[in-house]
1. Look through region 99-111, keep the residues that are surrounded by fewer than 21 Cβ atoms within 10 Å (Cβ to Cβ) and in contact with a Lys or Arg (Cβ under 9 Å, 6 or more places away or on another chain), and return whichever of them is nearest to residue 63 (Cα to Cα).
2. State yes or no: is residue 189 within 25 Å of residue 70 (Cα to Cα) and either in a helix (DSSP H, G or I) or open to solvent by less than 50 Å² (accessible area, probe 1.4 Å) (or both)?
3. Limited to region 111-139, what total is found for residues that are assigned to a loop (DSSP other than H, G, I, E, B) and either modelled with pLDDT of 95 or more or of a type in the set (D, E, K, R) (or both)?
4. Can you go through 200, 217, 222 and tell me which one is under 16 Å from residue 135 (Cα atoms) and either of a type outside the set (A, V, I, L, M, F, W, C) or at pLDDT below 80 (or both)?
5. What tally of residues in region 52-65 results from selecting those that are within 15 Å of residue 81 (Cα to Cα) and crowded, with 19+ Cβ neighbours inside 10 Å?
6. Kindly check whether there is at least one residue in region 196-210 that is open to solvent by less than 60 Å² (accessible area, probe 1.4 Å) and in contact with a strand residue (DSSP E or B) (Cβ under 6 Å, 6 or more places away or on another chain).
Amino acid sequence: MARAFVDLHCHTRGSFDCLSAPKDVVKAAHARGLTHLAITDHDRIEAALEARELAPDGLTIIVGEEVRTRDGDLICLFLERAIAPGMSAADTIAAAREQGGLVGLPHPFDRMRGSILRDESMAHVAGQVDWVETHNARLVGKGNEQASEFARERDLPGIAVSDAHSIMEVGVAYIAVDGDPSTPAGLLAALANVEIIPGRATFFVRLWTPVAKGVNRLRGNRRVEPEDVAAAASDRRGAA
């Protein structure tokens, strides 16, 4: 059975806090031996779709999105349409399932980011997701240990991800699995037996994120807000 090397959380310049071109992310992933990479920009999928077209033989790009829900962030994979931010976690999960997608919990206990399990009342969401990030390469503190315990207690697969916001971070942490995780069914089957390949983003690399935010702000690439989505929908209805 083939062995796959998979990073399920990575950003490009499609995110408001990253400057990496999709072609450079694809090149780095392929050079570092990944076979599958999920592009999960914040509330957008255009760059993931671009990366999918650029992927060389031997590398599968999974189109995904890190969706900011009212309750915290979710990773949604195998998408063809972006999911609007600002909905509840339950409605966001339902929107991903409508597309045949899978859903994971990113950095669930990270107190510096939009993490769902900072609110203990949201623990019930565990019954609606397919995996938990138990090793996020960017996380500082005890959040990974808490996530590992949470996943074990609920018999959920735990995965390692780079959460890359720069080319240097692509594939710094990932999982090795058996089978072909190129489809939702294939990934679910592969997650039954996961090998964690841990790694860490250096403090220097993490300092690049605020720089990227500032550059993107100057370029007009700011974070997608729920009202932006509503306004775009209204414009489309008016044009029709």
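The values are calculated or read from the model by the stated rules, or taken from the named source; none is laboratory data. Here the structure is a predicted model, which means the values were calculated and not measured. Backbone-built Cβ (ideal geometry, glycine too); neighbour counts: all protein chains shown. Quick note on the areas: whole protein, heavy atoms, side chains included, nothing else; ligands and nucleic acids left out. Shrake-Rupley method; radii C 1.70, N 1.55, O 1.52, S 1.80 Å.
1. Step by step, filter region 99-111, then rank; the result is 99.
2. no
3. Within region 111-139, residues that are assigned to a loop (DSSP other than H, G, I, E, B) and either modelled with pLDDT of 95 or more or of a type in the set (D, E, K, R) (or both) number 7.
4. 200
5. The number of residues fulfilling the criteria is 4.
6. Among the residues of region 196-210, at least one is open to solvent by less than 60 Å² (accessible area, probe 1.4 Å) and in contact with a strand residue (DSSP E or B) (Cβ under 6 Å, 6 or more places away or on another chain), which makes the answer yes.
For (1) open to solvent by less than 10 Å² (accessible area, probe 1.4 Å); (2) farther than 16 Å from residue 93 by Cβ, each residue gets a yes or a no:
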{"residue": "113", "(1), (2)": "no, yes"}
{"residue": "128", "(1), (2)": "no, no"}
{"residue": "137", "(1), (2)": "yes, yes"}
{"residue": "142", "(1), (2)": "no, yes"}
{"residue": "146", "(1), (2)": "no, yes"}
{"residue": "150", "(1), (2)": "no, yes"}
